[in-house]
1. Does region 88-99 contain at least one residue that is of a type in the set (Gly, Ala, Ser), loosely packed, with under 13 Cβ neighbours inside 10 Å, in contact with a strand residue (DSSP E or B) (Cβ under 7 Å, 6 or more places away or on another chain) and at pLDDT 85 or above?
2. Only one of Arg47, Arg122, Arg85 is basic (Lys, Arg) and at pLDDT 80 or above. Can you tell me which?
3. Filter region 100-123 for residues that are of a type in the set (Ser, Thr, Tyr) and buried (at least 16 other Cβ atoms within 10 Å of the Cβ) and give the result.
4. Any residue at all in region 22-36 that is in a strand (DSSP E or B), touching a strand residue (DSSP E or B) at 6+ places or on another chain (Cβ under 8 Å), touching a residue at least 60 places away in the same chain (Cβ under 8 Å) and not acidic (Asp, Glu)?
5. Which residues, counting only those in region 1-44, are among the small types (Gly, Ala, Ser), at pLDDT below 80 and over 11 Å from the mean Cα position of the chain (by Cα)?
Amino acid sequence: MKTVLLMFLLSSAGPNGEVGASYVEKDSVEECQQGIVALKEILAEPRFKIHYAGCHQSSAQISEFEHPGADDEGDKPELFVYLNRIEKGQLLVSKAGSLASCEASINKSESWCAVSTQKLLRQ
């Protein structure tokens, strides 16, 4: 089954601002586009920068929340690296071993790497 994913890349401002990715499943393209508007309003503060936000159909299933490798005692959550590419209008998400190997495998302008705390459940 195809789903519509709102995919966005976000960082906090400043020299140590990490760029992270989030994937949010929506029921329709219209709902997804409304999500982008809401996202831009919520994250309008100067301390955030949205690098990309878009709606794409995809067969990927990605965990909704932070992967349970993190606890509430200040430990950093587990990070996953994903190669994202647009192919025939579909967003394809695949897990990469590392950010360096992901960046080395990019061969088109419609591909990018992303780091996320969300876990890819199924492509």
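The values are calculated or read from the model by the stated rules, or taken from the named source; none is laboratory data. If you're wondering where the values come from, they're calculated on a predicted model, not measured in any experiment. Heads up, the Cβs are rebuilt from the backbone with ideal geometry, glycines too, and the neighbour counts pull from every protein chain shown.
1. So far as region 88-99 goes, yes, one or more of its residues are of a type in the set (Gly, Ala, Ser), loosely packed, with under 13 Cβ neighbours inside 10 Å, in contact with a strand residue (DSSP E or B) (Cβ under 7 Å, 6 or more places away or on another chain) and at pLDDT 85 or above.
2. Details: Arg47 fails: at pLDDT 80 or above; Arg122 fails: at pLDDT 80 or above.
Only one candidate passes the filter, namely Arg85.
3. Of the residues in region 100-123, the ones of a type in the set (Ser, Thr, Tyr) are 101, 105, 109, 111, 116-117.
Result: Ser111, Ser116, Thr117.
4. Here is the first cut: in region 22-36, the residues in a strand (DSSP E or B) are 22-26.
Restricting the remaining residues to those that are touching a strand residue (DSSP E or B) at 6+ places or on another chain (Cβ under 8 Å) gives 22-26.
Narrowing further to those that are touching a residue at least 60 places away in the same chain (Cβ under 8 Å): 22-23.
If we keep only those that are not acidic (Asp, Glu) too, we end up with 22-23.
Yes: one or more hits.
5. Once the filter is applied, which keeps residues that are among the small types (Gly, Ala, Ser), at pLDDT below 80 and over 11 Å from the mean Cα position of the chain (by Cα), region 1-44 yields Ser11, Ser12, Ala13, Gly14, Gly17.
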